[in-house]
Amino acid sequence: MDKNKKSAQLNAAQQKETKSVINALLQGKNVTNEPNRTGTLDDESRVKVLSPGMMVFKRFVRNRLAITGFIILVFMFSFSFLGGLFSPYRQDQVFYRNEYTLKDFAGATFNKEFRTVVKDGFKFPGSAYGSMILAYNNGKTQFDADGTLYSFTVTNDDFFRITEFETLSNVTARKRLYSYEHVGDFKMSDAMSQKFEEAHQAGDDTFEFDGKTYNITRDKLNVAITTAEEIALASPRVYDPYQKEDAPVIASYGFRFAFETAFANGEEKFTYNDNNYSIDKSDNLITVYLENGAEKQAFANISDMIVNAISPDVFVPVEFKNKVRQAALNKEKSFEYALPGEENIEYRIELVHETYNIKRQTETHLIDMYHAPDEKHLLGTDMNGMDVMTRLMYGGRISLLVGFVVVFIEMFIGVSIGGISGYFGGWVDTILMRFIDLFNSIPYWPIMIILGSVMDTMEIDPYTRVFMLMMVMGFMGWTGIARVVRGQILALREQDFMVAAEASGLSVRRRIVKHLVPNVMPLLIVQGTMALGGIILTEATLSFLGLGVKYPIASWGSIINAASQPFIVNNYWFIWIPAGILILLTVLGFNFVGDGLRDAYDPKMKR
């Protein structure tokens, strides 16, 4: 009895001492170094006191690599999801810069061809012009073009007056026998026939009837009665207005005919549309003045040089054209001139195949591509003129979002199919496992490449493309998780607690949800964390190949796609290296965290 009593007292003392130790620990006191303690709360006792979640947390915290990975991921999420809120730019904002470059402003050449002006209501086609020049070179004054007869007169070898003949009647004349073949609605009276026959027998080329003059053209035995009207003129001179609004008048047939006639006759004045004009010739330049009483206003400049601006909206003043002509004659390389509203600037002349190209420094609005890093753009700009730092921030959102959404889809499909297969077993397990084997035989990368090409062909919206990409990646990658879940549930369903749950009458759904899934969750967390890095790499690879995220949406993979061009790799490190570093750090961070969680959930880990 005394022995039993002493044993009971000793047990009571030990229990009391254990309670005091626990209270001391809860109060934060250190009891391990006290010399009078007969017992301490060792690792085995601590396991019984702390919750499983706390033990996992403590193991995770003790893992330095896991903490490093966690810090990296916190930085990446902050950079991607919070950085865009503080960035002063949008991800699709294009930046521009102004540069002064030597660009073509105008072109000039000395005119060596006749320039024709046609009277309103008439036509003088290019074929007729060619026939006229050929007839002129052969010493003829008449020519035929497209069935129409023309003639011309030349004054001073530079002013052509072109006449068109209209045939009224073709006549066959044999001695005194005449046969008339009228053209169109023309009808010849007996009196007119008599006038024609008299003129023809006399050898005249014209005759008059009822106040009109008719022409007689002869070709061997065939004779034609025609009318003639001047329809065009040709001259090598170039007309330039002093005022832009006067250009239609100067380009008209009437004005040029009046000037050319007066100039050919050596006259110094002419009249057109009730306006009086005077001609001043000096230094091989002809100036036409509009006279208004005693006042004279420069109206047109006539020279032998064509000067036109490159842009049709720019009006080039006559003074500028004269500057160009004088510089060309003097073989000068440059000259200075101030256009209306502009400062005096230098123009350069380059002679290329008898054409003078006039260039000047022009302010150009260019996309600010490949801008080096500075205080405005910390990582410079890319090939589209967009801020690289901002693109990396928004690109991180897409890359991380793709990773998490794809993992969620894989988890949902894998846990569902793997859980059903592992729990029910038998023929259900056999069918589902063979389905997984069949699904695994589908080649992953060819399917993704084909899908990317199809979306390119269909021109899918970039945002819709991202969601389709996530769905397909998730649907193609669930089989590994399904196998892991099946194997885990096959082992768990034979445990005593599952036998007890089945014996207590719990439904199948509650047994799976309340007992199996919580026991599988640690493994799923580890699997998902480890898979995130691989998914981000897959998305980056697809975007690098041009099959993933498309412009203007950014992802780290689409940004690093610039590295496919050797020119950018060698000269613009700031475009592709930062994106590569972010991908590297993110994948390492997920791998470190996944390794830490795996070790923390491992029941064989040292407590």
(message) I'd like the distance between the alpha-carbon centres of the stretch 57-132 and the stretch 569-600, rounded to an integer number of Å.
(response) 31
(request) Measure nothing but the geometry: give the 0 to 90° angle between the long axis through the Cα atoms of 444-458 and the longest principal axis through the Cα atoms of the chain, rounded to 10°. (result) 30
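Once you have the Kirkwood Rh of the chain from its Cα pairs, apply Stokes-Einstein at 10 °C and 1.306 mPa s and quote D in µm²/s. Kindly include the intermediate steps, with their values, before the conclusion.
Numbers: Rh = 35.6 Å.
After rounding, the answer is 45 µm²/s.
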(request) Taking just the C-alpha trace of the stretch 294-404, give me its Rg and Dmax in Å. (result) 24.8, 89
(request) Quickly work out the Arg218-to-Phe57 label distance, labels modelled 7 Å from Cα along the C-beta direction, and quote it in nm with one decimal. (result) 12.6
(message) Just want to confirm a number: the relative contact order over the chain, from Cα pairs under 8 angstrom separated by 6+ residues, in percent.
(response) 18
(message) Taking θ = phi - 60°, what integer Hz values does the Karplus form 6.51 cos²θ - 1.76 cosθ + 1.60 yield along the stretch 545-561, in sequence order, with x for Gly and Pro?
(response) 7, x, 10, x, 5, 10, 4, x, 5, 10, 9, 4, x, 5, 5, 6, 4
(request) Between the alpha-carbon centers of the stretch 260-319 and the stretch 378-437, tell me the distance in whole angstrom. (result) 78
(message) Among the listed pairs Lys119/Lys281; Lys119/Lys321; Lys269/Lys321; Lys244/Lys321; Lys112/Lys244; Lys103/Lys333, which have their C-alpha atoms separated by more than 18 angstrom in this model?
(response) Lys119/Lys281; Lys119/Lys321; Lys269/Lys321; Lys112/Lys244
(request) Give the accessible surface of the stretch 70-181 per residue, rounded to a whole number of Å², with probe radius 1.4 Å and ligands, DNA and RNA excluded. (result) 63
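Take Leu584, Leu73 and sort them by solvent-accessible surface of the protein heavy atoms, 1.4 Å probe, largest at the top.
Ranked list, largest accessible area first: Leu584, Leu73.
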(request) Using only the Cα atoms of the stretch 78-140, each taken as one equal point scatterer with no solvent, compute I(q) by the Debye sum, divide by I(0), and report log10 of the ratio at q = 0.14, 0.15, 0.25 Å⁻¹. (result) -0.74, -0.79, -1.14
(message) For the stretch 201-303, take every pair of Cα atoms, bin their distances at 5 Å starting from 0, and report each bin as a whole percent.
(response) 2, 9, 18, 18, 11, 8, 8, 9, 9, 5, 2, 1, 0
(request) Quote the relative contact order of the stretch 500-592 in percent (integer), defining contacts as alpha-carbon pairs under 8 Å separated by 6+ residues. (result) 25
(message) Could you sort Glu336, Glu459, Glu260 by their accessible area in this structure, using a 1.4 Å probe and putting the largest first?
(response) Glu459, Glu336, Glu260
(message) Quick query: amide H of Ser169 versus all other amide H atoms, modeled in the peptide plane; which residues come in under 5 Å with a sequence gap of 5 or more or a different chain?
(response) Val183, Ile225
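Would you kindly state how much longer the chain becomes between Glu230 and Tyr178 on full extension, computed as 0.36 nm times their sequence separation minus their alpha carbon distance, in nm to one decimal? The partial results should precede the final answer.
On the way: separation 52, 0.36 × 52 = 18.72 nm, distance 2.96 nm.
Full extension from Glu230 to Tyr178 adds 15.8 nm.
Calculate, in nm to one decimal, what Met433 and Ile67 gain on full extension: separation in residues at 0.36 nm each, minus their alpha carbon distance. It would help to have the intermediate numbers written out before the result.
Values: separation 366, 0.36 × 366 = 131.76 nm, distance 3.77 nm.
Answer, rounded to one decimal: 128.0 nm.
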(request) Report the normalised scattering of the stretch 75-187 as log10 I(q)/I(0) at q = 0.13, 0.14 Å⁻¹, calculated by the Debye formula with identical scatterers on the alpha carbons. (result) -0.78, -0.85
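Could you state the per residue volume, in Å³, of the convex hull enclosing the Cα atoms of the stretch 259-355? Don't skip to the answer; put the middle values down first.
Numbers: hull volume 14.9 nm³, N = 97.
Normalising the Cα hull of the stretch 259-355 by residue number yields 153 Å³.
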(message) How large is the accessible surface of Trp573 in square angstrom, using a 1.4 angstrom probe and rounding to the nearest 10?
(response) 130
(request) Give a residue-ordered list of calculated ³J(HN,Hα) values for the stretch 361-375 (Karplus: 6.51 cos²θ - 1.76 cosθ + 1.60, θ = phi - 60°; whole Hz; x for Gly, Pro). (result) 5, 10, 6, 10, 8, 10, 5, 7, 7, 6, 6, 5, x, 8, 5
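For the stretch 112-188, which GluC sites (Glu not before Pro) pass both filters: DSSP loop (anything but H, G, I, E, B) and at most 14 other C-beta atoms within 10 Å?
On the way: sites: Glu113, Glu164, Glu166, Glu181; in loops: Glu113.
Passing sites in the stretch 112-188 are Glu113.
Mean 1/r over all different Cα pairs, inverted: what Kirkwood radius does the stretch 435-539 give, in Å?
Working: mean 1/r = 0.0601 Å⁻¹.
Computed over the stretch 435-539, the radius equals 16.6 Å.
Would you work out the relative contact order for the stretch 310-386, in percent, from Cα pairs under 8 angstrom that are 6 or more residues apart?
Values: 75 pairs, mean separation 11.8, N = 77.
Result for the stretch 310-386 is 15 percent.
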(request) Let me see the pair-distance distribution of the stretch 485-553: every alpha carbon pair, 5 Å bin width, integer percents in order. (result) 4, 14, 17, 14, 10, 8, 8, 8, 7, 5, 4, 1
(request) Calculate, in whole percent, how much of the Cα-Cα pair population of the stretch 144-201 lies beyond 13 Å. (result) 71
(message) Tell me the angle of helix 52-62 to the major Cα principal axis of the chain, expressed in degrees between 0 and 90 and rounded to the nearest ten.
(response) 60
(request) Would you calculate the volume per residue, in Å³, of the smallest convex hull containing every Cα atom of the stretch 339-418? (result) 230
(request) Quick one: dipole size for the chain, taken about the Cα centre, charges +1 on Lys/Arg Cβ and -1 on Asp/Glu Cβ, in debye to the nearest 20. (result) 6120
(request) Please give the length that would be gained between Arg510 and Ser453 if that part of the chain were fully extended, namely 0.36 nm times their separation in residues minus their C-alpha to C-alpha distance (nm, one decimal). (result) 16.0 nm
(message) Could you tell me which residue out of Phe475, Ile413, Phe165 lies farthest along the dipole of the chain toward its positive end? Charges go on the beta carbon: Lys and Arg +1, Asp and Glu -1, centred on the Cα centre.
(response) Ile413
(request) Go through Gly505, Ala234, Thr213 and say which Cα lies farthest out towards the positive end of the charge dipole of the chain; charges sit on Cβ, +1 for Lys and Arg, -1 for Asp and Glu. (result) Gly505
(request) Run the quick spin-label model on Glu494 and Val352: label points 7 Å from Cα toward the beta carbon, then report their separation in nm to one decimal. (result) 8.6
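The values are calculated or read from the model by the stated rules, or taken from the named source; none is laboratory data. Note that this is a predicted model, so its numbers are computed, not measured. All Cβ positions, glycine included, derive from the backbone under ideal geometry; neighbour counts span all protein chains shown. For accessibility, only protein heavy atoms count, side chains too; no ligands or nucleic acids. Shrake-Rupley method; radii C 1.70, N 1.55, O 1.52, S 1.80 Å.
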